[in-house]
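Step one of this worksheet: look at the structure below.
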Amino acid sequence: MDRYVTSPMSVFTVEEPGYGAASCPPPERKRTSCNLLIQLILLLFALLALCGVALQIYYLSKVQANLDAAQEMVNMKVEAQQIRMKSAFRDGQLFPSAHVTGLTVKNTSLGKPLQWESTHGLAFLHEMEYSDGSIRCKKSGLYFVYSKLQLGVVCATVDPSLLFTHSVNIRTMGSVTQLMANTGGFCDTQGSPIWKRSSFLGSSFLLEEGDEIFVNMSHRSLIRAQLQSTTFFGLFML
């Protein structure tokens, strides 16, 4: 009986591309992807932190601006009251004096003096007369004359190259003379749409009986007279 010798069968396997171990990314690529993801997350947190800091700075600046404005108003009120008390009494004696406060400007014509409140609030007259914006001196002597205007405007509505003039004048024997003046620009604060400033004038003058003192302002639309402690005018004997 013949014997046949059969060779063992060989088995071959063929791996298709894209499957098996060959499809897994190398460990180095995995680490690189993880590092990029971590960096992006850290960058996002950093941006969020910066936004938070920026918001805090903005709100703190707003709070500080409000505090500064409030402090300015308090200082103005104290200043007005101090001047008023100084002009009313000295060494227990009441001297000739007057203190008038701001009114809302209705007439912007430069032909007439600024008008004032002469009877209510902080305003008073003692041995003085008030008429049509002027304070009339009834007794000759040395007087301290003062005027303060609170100014403000929205800069988009005016020409920033213009100048205002705030002046105190005297009418004596029918002749008008400027006693003192302050000239300045407005809307010169960079980066702010609203311009605010105060203009103060004060000095001593020898006045005669019958002299009339009044205030003029070139750009009356700048005057903000909502509070009687911020815009006023007066004089008192020294």
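The values are calculated or read from the model by the stated rules, or taken from the named source; none is laboratory data. The structure presented is a predicted model; accordingly, all values stated were derived computationally and were not measured. Accessible surface is based on the protein model in full, side chains and every heavy atom, while ligands, DNA and RNA are left aside. Shrake-Rupley method; radii C 1.70, N 1.55, O 1.52, S 1.80 Å.
Please report the carbon-and-sulfur percent of the accessible area for the range 136-183; probe 1.4 Å, protein heavy atoms only, DNA, RNA and ligands left out. In the range 136-183, the share of accessible area belonging to carbon and sulfur is 58 percent. For Met180 and Asp159, the difference between the fully extended length at 0.36 nm per residue and the C-alpha to C-alpha distance is 5.0 nm.
Per residue, the accessible area of the range 92-164 comes to 48 Å², computed with a 1.4 Å probe over protein heavy atoms only.
Scanning residues 5 or more positions from Asp211 or on other chains, those with amide H under 5 Å from its amide H are Cys137, with H placed 1.01 Å from N in the peptide plane.
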